[in-house]
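Before any comments, here is the structure.
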């Protein structure tokens, strides 16, 4: 092949890729509008993050994240179909189109972003892997778990983190791998394993539903970084942008002092940042395929990030979690939202 022919061939390939990308862009938004709802993959039932209440209504931080996306797209928080998914089934469900987005304590990793073809929005919760044990074992540190049997879910980052941590510290363990969350909790509380490991927030949610929560303790060591984020498929940048900026809107609203209670009053503000937030520039809204008041709708119906954190997992809930890394950057945390402009 001549250099000229090679260049022409390369240009044709680039044009083909560009054409395919253009044809894919916007398909998810078009489909969810046609369906009249967003199909959201959630955990099988995790207190504080995604669990049906006594009336069958889904509640939790991940649920409210999904409701924010629905508010952005439809102007209503309730245009959602929730689909509980196991850790092993969640990615297949997203890749196949069974769900439009995962709001399901998914850790952002390089292999998932590349090999699995996933796109991760801004994290809605920063976490880390920990260990929970019965208090009567008398264990105060993970380094005392040498030889322990440890319950763990497959298809998650916890398995690799667990193996790495024990190998690094030259201690042994016996993995008890159980395929779904309900079964792994039952095994742990039934005494089948000495310890259970998962994200610390997930362990807090598991402890809440334990037969005797006061009998269990989460050990102090955090052995990994787990930035949890809503997740979409590769190939539709517009849909990724919608999910991503819906999360960012929650964070920016808290920083700007905009809440579900004062959002209408804030419409009268002379602050240019607040005015742009509640009525985003026309070019931004058009590119997203949303109305200019999409951020207003999110905060009106769901609240800002601080509100959803406190009502679902905060210090006044059964999980009793402090903001910590999930505080705003102005308060020493990691929650930092790029400007919507």
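Could you check, for the range 147-169, whether at least one of its residues is on the phi > 0 side of the Ramachandran plot and under 18 Å from the mean Cα position of the chain (by Cα)? Break it down stepwise before answering.
Residues of the range 147-169 that are on the phi > 0 side of the Ramachandran plot, as a first pass: 147, 155.
After this cut, where a residue has to be under 18 Å from the mean Cα position of the chain (by Cα) as well, the list is 155.
Checking the range 147-169: at least one residue is on the phi > 0 side of the Ramachandran plot and under 18 Å from the mean Cα position of the chain (by Cα).
Regarding residue 77, is this residue touching a residue at least 12 places away in the same chain (Cβ under 8 Å) and under 30 Å from residue 215 (Cβ atoms)?
Working: touching a residue at least 12 places away in the same chain (Cβ under 8 Å): yes; under 30 Å from residue 215 (Cβ atoms): no.
No: the conditions fail for residue 77.
Taking into account only those residues within the range 262-291 that are free of Cβ contacts under 8 Å to residues at least 24 places away in the same chain and under 25 Å from the mean Cα position of the chain (by Cα), which is nearest to residue 238 (Cα to Cα)? Steps first, answer last, please.
Within the range 262-291, the first condition is being free of Cβ contacts under 8 Å to residues at least 24 places away in the same chain, and the residues that meet it are 262, 265-266, 268-272, 274-275, 278-279, 282-283, 285-286.
Filter once more, so that each one left must be under 25 Å from the mean Cα position of the chain (by Cα): 278, 285.
Values: 278: 20, 285: 11 Å.
Selected residue: 285.
Can you say whether residue 257 is surrounded by fewer than 18 Cβ atoms within 10 Å (Cβ to Cβ), farther than 29 Å from residue 39 by Cβ and in the same structural domain as residue 161 (by TED's automatic domain parsing), as far as the supplied structure shows? Talk me through it step by step, then tell me what you get.
Details: surrounded by fewer than 18 Cβ atoms within 10 Å (Cβ to Cβ): yes; farther than 29 Å from residue 39 by Cβ: yes; in the same structural domain as residue 161 (by TED's automatic domain parsing): no.
It is false that residue 257 is surrounded by fewer than 18 Cβ atoms within 10 Å (Cβ to Cβ), farther than 29 Å from residue 39 by Cβ and in the same structural domain as residue 161 (by TED's automatic domain parsing).
Restricted to the range 33-73, and to residues there that are touching a residue at least 24 places away in the same chain (Cβ under 8 Å) and more than 20 Å from the chain's Cα centre (by Cα), the residue that is surrounded by the most Cβ atoms within 10 Å (Cβ to Cβ) is 33.
Only one of 264, 236 is in the same structural domain as residue 30 (by TED's automatic domain parsing) and under 26 Å from residue 104 (Cα atoms). Can you tell me which?
The conditions single out 236.
Among the residues of the range 225-253, the one identified as in contact with a strand residue (DSSP E or B) (Cβ under 6 Å, 6 or more places away or on another chain) and over 26 Å from residue 156 (Cα atoms) is 251.
Of the helices (runs of 4 or more DSSP H) entirely within the range 138-223, those holding at least 1 residues that are at pLDDT below 95 and closer than 23 Å to residue 325 by Cβ occupy 157-168, 200-208.
For the range 267-294, a residue qualifies if it is in a helix (DSSP H, G or I) and farther than 18 Å from residue 247 by Cα, and the qualifying residues are 272, 275, 282, 283, 286.
Being over 24 Å from the mean Cα position of the chain (by Cα) and either assigned to a strand (DSSP E or B) or modelled with pLDDT under 95 (or both) is the filter here; which residues of the range 115-135 pass it? Explain how you work it out, then say what you get.
To start, the set of residues in the range 115-135 that are over 24 Å from the mean Cα position of the chain (by Cα) comprises 133-135.
Across the range 115-135, the qualifying residues are 133, 134.
Quick check: is even one residue across the range 289-309 over 25 Å from residue 74 (Cα atoms) and surrounded by fewer than 17 Cβ atoms within 10 Å (Cβ to Cβ)? No; the residues of the range 289-309 include none that is over 25 Å from residue 74 (Cα atoms) and surrounded by fewer than 17 Cβ atoms within 10 Å (Cβ to Cβ). Just one of (1) over 21 Å from residue 299 (Cβ atoms); (2) not in a loop (DSSP other than H, G, I, E, B) fails for residue 69. It is (1). With the condition kept exactly as written, say whether any residue in the range 74-90 is part of a strand (DSSP E or B) and at pLDDT below 95. No, because not a single residue in the range 74-90 is part of a strand (DSSP E or B) and at pLDDT below 95. Against the condition crowded, with 17+ Cβ neighbours inside 10 Å and over 21 Å from residue 326 (Cβ atoms), how does residue 116 come out, does it pass? Answer is no for this residue. Just to verify a result, which residue in the range 91-113, among those that are crowded, with 21+ Cβ neighbours inside 10 Å and not in a strand (DSSP E or B), is modelled with the lowest pLDDT? Only one residue fits best here, namely 105.
Within the range 318-336, being closer than 18 Å to residue 229 by Cα and in a helix (DSSP H, G or I) holds for 324, 325, 326, 329. Residues satisfying the criterion are present in the range 233-253 (criterion: free of Cβ contacts under 8 Å to residues at least 60 places away in the same chain, more than 16 Å from the chain's Cα centre (by Cα) and either part of a loop (DSSP other than H, G, I, E, B) or at negative phi (or both)).
The values are calculated or read from the model by the stated rules, or taken from the named source; none is laboratory data. Note that this is a predicted model, so its numbers are computed, not measured. Cβ sites come from the backbone with ideal geometry, for glycine too, and all protein chains shown count toward neighbours.
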